[in-house]
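Since the structure comes first, as structure tokens, the remarks are kept for the end.
What follows is calculated from the coordinates using simple rules that are stated; it is not laboratory data. What you are looking at is a predicted structure, and each value in this text was computed from that prediction instead of being measured. All Cβ positions, glycine included, derive from the backbone under ideal geometry; neighbour counts span all protein chains shown.
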Amino acid sequence: MEEPVQPLSASIDQAPGVADSAASGSIATYTAGLAFALLLTAASFIVAQTHLLWAPGIPAGLAVLAIAQMGVHLVFFLHIGTGADNTNNVLALAFGVLVVTLVVSGSLWIMANLNANMLPPSVIMEMQR
Amino acid sequence: MSAHAVTGTLPGAMPAPAASGRGPAPVRIVVAYGFWIFLLSDIIMFSALFATYAVLSGQTAGGPSGRDLFELHRVGVQTLCLLFSSYTCGLAVLAIERRRVRAFYVSCALTFVLGATFLGLELSEFAGMIARGAGPSRSAFLSAFFSLVGLHGAHVTAGLLWMCFMVAQTAAKGPRDFVRRRLLCFSLFWHALDIIWVALMTLVYLMGAR
């Protein structure tokens, strides 16, 4: 199987944090990222401190805003994009996200379960008499 | 690296594809990719502390809770400091890539001032809490709070020191390849700290102060 031969100067893997040189005006990228991040931060503070959202939905709203802002940071500041030259960076990120999700959700699940099902320590001490 | 030697060009043949299709990547890409993997492992370490905090955030042992302790206007200023320092850090990398050393120094100075302001605000918050008797030994909630936020603060401190070293290195050696590689890694580190702060601000402060 022969892979299509590309000229050497064409896209090689791209380093994370390096803006695509073809992208016009990298300062513009950072400025756009800053603007989006400021907007999302302001939205987070407004949502947390007002009754704009239905009160039980505020944690979910804050989580959505935080994840959106992390995405903005990844794309505009760390330049983790969707291009073919970025595959390695995205795959590493995906694995990191998987482990973080497992650690956080697994810990919360197990601890909530223990909290609900275990007897209080005083009762256990009583049973051991 | 050895893939190139093994599958290297045969005489008269097309260049054989290596693992990535085209042989070893430049040093800059390998270094930044390795640092990216380190940063992801750092984020995984933070995730364990985030999980700890989320589990323990209600266990105040009769002591003060987040609602009593957190001042959101201070957190807002801290967030702005970190956001703008991320921006100026990006500008510093752009400046050094374009060999504009003076712009690089100015951006670094701004980044340092903003990062130091963030750190000062965090330390004054910690000092105020400890003075009120809400130190890390008061309750499980406060232990988790001080380890999580303190670890982020320690990272910021390390980042500020690293940046001082990088400015000194640029002054001594000029914008050479290895200096620019290290600056790229530093900027990745600084941006990643910002991402962790977003999670921290949301989970600890905004949800905790409600």
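Scaled against the 2.2 N^0.38 Å expected of a compact globular protein of N residues, the Cα radius of gyration of chain B reads 1.30.
Across every pair of non-identical alpha carbons in the protein assembly as shown, the mean reciprocal distance, once inverted, gives a Kirkwood radius of 22.3 Å. Only helical runs count toward this figure. For chain B, summing -39,500 (n - 2.57) over DSSP H runs of n ≥ 4 and dividing by all residues gives -25500 deg cm²/dmol at 222 nm. Listed values for region B:118-134 are Karplus-derived 3J(HN,Hα) couplings in whole Hz (6.51 cos²θ - 1.76 cosθ + 1.60, θ = phi - 60°), namely 4, 5, x, 4, 5, 5, 5, 4, 4, 4, x, 5, 5, 5, 7, x, 10, and x replaces Gly and Pro.
Each part reduced to its alpha carbon centroid, region A:40-61 and region A:86-117 end up 25 Å apart. Altogether, the Stokes-Einstein calculation at 37 °C and 0.692 mPa s, with the Kirkwood radius of region A:82-129 over Cα pairs as Rh, returns a diffusion coefficient of 234 µm²/s.
In debye, nearest 20: dipole of the protein assembly as shown around its Cα centre with unit charges on the Cβ of K, R (+) and D, E (-)? Spell out each step's value before the answer.
Values: 17 positive and 14 negative charges, 150 e Å.
In total the dipole reaches around 720 debye.
With the alpha-carbon atoms of region A:23-79 aligned to their principal axes, the span from lowest to highest coordinate is 43, 15, 10 Å, starting with the largest.
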